[in-house]
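Since the structure comes first, as structure tokens, the remarks are kept for the end.
The values are calculated or read from the model by the stated rules, or taken from the named source; none is laboratory data. Because the structure is a prediction, the values reported are computed rather than measured. Methodologically, a virtual Cβ is constructed for each residue, glycine included, from the backbone with ideal geometry; neighbour enumeration extends over all protein chains shown. For accessibility, only protein heavy atoms count, side chains too; no ligands or nucleic acids. Shrake-Rupley method; radii C 1.70, N 1.55, O 1.52, S 1.80 Å.
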Amino acid sequence: MLYKSATVAWEQVSNNAGAIALANVDCRELLAAIPDESISLVVTSPPYCMGKEYEPGNTIEDFVAAHEAVLPEIARLLKPGGSICWQVGYHVSRNTVVPLDYLVFDVIRRLELPLTMRNRIVWHFGHGKHAGRRFSGRHETLIWFTKGDDYEFNLDAVRVPQKYPGKRSTKGHNKGEFSGNPLGKNPSDIWDIPNVKANHCEKLDHPCQFPVALVRRLVLSLTKEDDIVLDPFSGVASSGVAAGLERRRFIGAELNEGYALIGENRLKETLEGVVRVRADTEVIKPNERSAVARRPDFWPEMQSSV
Ligand SMILES: C[S@@+](CC[C@H](N)C(=O)[O-])C[C@H]1O[C@@H](n2cnc3c(N)ncnc32)[C@H](O)[C@@H]1O
């Protein structure tokens, strides 16, 4: 399950149905061990280069250089019809904000990698730092590229409930008939999924886990059972959990041994069916009787909002 050798990790996953492997190595070592056109989905959140101890530097130039090294390899090992989903936010330094997805897009364009963008998904979440001199950031993005036009996309696997399922057509030959799809509607390119903060049931000892639900939707729509999912910057293996829960194979790299060990434990729990995950449909409403949900009586009236 956790390997110190990229080659052994790849052998495990390529030779065994349902296999899951995490390699405690630099992702460049793992990518070099994977043959051309063998991965169906690459999903990851790379380091943002903002001074965290695990990052390769703390400037935008460091971020771009790391992507110039890794993205051509990722494009090489992706199967025709496969997908890359790159989840990033913003590089913030001295109150100056740079959108990282545009830098990733620009590397792919400049290096003329054989990838076509299909969506920029806005991941909206409810919690984060409160900004004082700009609006508080409550979203990041996920950019989706495919290799070729004939790509896997199973929309029916990820439809969500309609707001007005009882709506009927008002004209045309279907006038009077229910107009919605009985399987639900397209989830759109704005995804409202809670981020993994202190009270989230998936929270582990990692500063920036992404929620399993975010990856699960991608795994379900962009791959088939037993396809191979790769996360080159695995952290605590959230992508591996999503892949394992949906009976896909998984291979990941994580450089930090501590995070890799937590990830290994989580992958074991996934295979044993005891891993803790939060469903994307779970809505947490504040308990109105709880003290933290009430405005203190002595606070002044709020200004009307616009
Ligand atoms: C943004 S975090 C990913 C978190 C992950 N999505 C999760 O849910 O746990 C990026 C991770 O990449 C790891 N990392 C940084 N450079 C790496 C490299 N060259 N090879 C492999 N992992 C690396 C870091 O240790 C960190 O855990």
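For the stretch 31-51, which positions are assigned to a loop (DSSP other than H, G, I, E, B) and open to solvent by 10 Å² or more (accessible area, probe 1.4 Å)? Break it down into steps so the answer makes sense when it comes.
To start, the set of residues in the stretch 31-51 that are assigned to a loop (DSSP other than H, G, I, E, B) comprises 34-38, 45-51.
Those that are assigned to a loop (DSSP other than H, G, I, E, B) and open to solvent by 10 Å² or more (accessible area, probe 1.4 Å): 35, 36, 37, 38, 45, 47, 48, 50, 51.
I'd like the full set of residues that are more than 11 Å from the ligand (Cβ to nearest atom), in contact (Cβ under 8 Å) with a residue 60 or more places away in the chain and either out of contact with any strand residue (DSSP E or B) (no Cβ under 7 Å at 6 or more places or on another chain) or part of a strand (DSSP E or B) (or both), limited to the stretch 52-108.
Result: 75, 78, 79, 80, 81, 82, 83, 84, 85.
With respect to the numbered conditions (1) modelled with pLDDT of 95 or more; (2) assigned to a helix (DSSP H, G or I); (3) of a type outside the set (Phe, Trp, Tyr), which one is the sole condition not fulfilled by residue 292?
(1)
Can residue 276 be described as charged (D, E, K, R), open to solvent by 10 Å² or more (accessible area, probe 1.4 Å) and under 16 Å from residue 16 (Cα atoms)? Spell out the reasoning first.
Details: charged (D, E, K, R): yes; open to solvent by 10 Å² or more (accessible area, probe 1.4 Å): yes; under 16 Å from residue 16 (Cα atoms): no.
No, not satisfied.
I'd like to know if the stretch 182-189 contains one or more residues that are open to solvent by 40 Å² or more (accessible area, probe 1.4 Å), outside any loop (DSSP other than H, G, I, E, B) and over 23 Å from residue 12 (Cβ atoms). Don't jump to the end; show me each part of the working.
Going residue by residue through the stretch 182-189, those that are open to solvent by 40 Å² or more (accessible area, probe 1.4 Å) are 182-183, 185-186, 188-189.
Filter again for outside any loop (DSSP other than H, G, I, E, B), leaving 185.
Then keep just the ones that are over 23 Å from residue 12 (Cβ atoms); that gives 185.
Scanning the stretch 182-189 turns up at least one residue that is open to solvent by 40 Å² or more (accessible area, probe 1.4 Å), outside any loop (DSSP other than H, G, I, E, B) and over 23 Å from residue 12 (Cβ atoms).
When the stretch 212-255 is examined, which residues are found to be more than 9 Å from the ligand (Cβ to nearest atom), hydrophobic (A, V, I, L, M, F, W, C) and assigned to a strand (DSSP E or B)?
Listed by number, the residues that qualify are 228, 229, 230, 250, 251.
Just checking, how many residues over the stretch 1-30 are in contact (Cβ under 8 Å) with a residue 60 or more places away in the chain and open to solvent by less than 60 Å² (accessible area, probe 1.4 Å)?
18
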